[in-house]
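The values are calculated or read from the model by the stated rules, or taken from the named source; none is laboratory data. None of the values given here were measured: they were computed from a predicted structure. Cβ: placed from backbone, ideal geometry, glycine included. Neighbour counts: every protein chain shown. Just so you know, the surface numbers come from the protein's heavy atoms only, side chains and all, with ligands and any DNA or RNA stripped out. Shrake-Rupley method; radii C 1.70, N 1.55, O 1.52, S 1.80 Å.
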Amino acid sequence: MKIAVSACLLGENCKYNGGNNYSKKVRTYTKGHEVIPVCPEVLGGLPIPREPAEIVNGIVSLKDGTSVDKEFREGARRALETVKEKNADIVILQSRSPSCGVNAIYDGSFSGKIISGQGVFADLLRKNGIKAIDVEDL
């Protein structure tokens, strides 16, 4: 099986704060399978580290109101291309991310409140009929 995975879950330091979200559960789940790392935010040209972003009224923005929506959507498009080119069977994504949140995202208030919703990459995968799993559901 081919499994695309948020690169931060594999230990790649591509998170907004320069760190990662390494997941032993992901490593165990993907053992023996082809793993395809993807980071839509980096693919969209965003730097590491970068300011945290949330989806505010449908637009991915920084806390000061600066839109980074174009970069997030371009990165999601490029990540989708990778998933399709590599014929990934499923995609495992990082929870709550404005890119990769599958079931929930931050509410856009930058207060840590979580709401039901999807990040831009997770939503694009869904619209293209590609199964995405939240790492917390493994």
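In this structure the chain gives 51 Å² per residue of accessible area when probed at 1.4 Å with all protein chains present. Across the chain, the mean sequence separation of Cα contacts (distance under 8 Å, 6 or more residues apart), normalised by length, yields a relative contact order of 24 percent. Counting only trypsin sites (Lys or Arg not before Pro) that DSSP places in a loop and that have at most 15 other Cβ atoms within 10 Å, the longest clean stretch of the chain runs over 32-62.
Can you tell me the 0 to 90 degree angle between the C-alpha axis of helix 69-85 and the longest principal axis of the chain, rounded to 10? Relative to the chain, helix 69-85 is tipped by roughly 10 degrees. Computed extension length for I114-I48: 21.4 nm, one decimal, from 0.36 nm per residue of separation with the Cα-Cα distance subtracted.
The stretch 16-123: which GluC sites (Glu not before Pro) are DSSP loop and have at most 15 other beta-carbon atoms within 10 angstrom?
Nothing satisfies the criteria.
With the dipole of the stretch 2-134 worked out from charges on the C-beta (+1 for Lys and Arg, -1 for Asp and Glu) around the Cα centre, which of S95, G58, G45 lies farthest toward the positive end? The one lying farthest along the dipole's positive direction is S95. Annotation for the stretch 87-138 versus the stretch 3-45: alpha-carbon center distance of 14 Å. Using the rule -39500 (n - 2.57) for each DSSP H run of four or more residues, divided by the residues of the chain, the 222 nm mean residue ellipticity is -7500 deg cm²/dmol. I need the shape label for the stretch 2-134. Rule: rounded when a/c is under 1.5, else prolate if a/b > b/c, else oblate, with a, b, c from the alpha carbon gyration tensor. Taking the square roots of the gyration eigenvalues as a ≥ b ≥ c, the stretch 2-134 is prolate.
Students often get this wrong, so check it: of K15/K63; K2/K25; K84/K113, which have C-alpha atoms separated by over 23 Å? Check vs 23 Å cut-off fails for K84/K113.
Once the chain from K84 to K2 is taken as fully extended at 0.36 nm per residue, the excess over their C-alpha distance is 28.4 nm.
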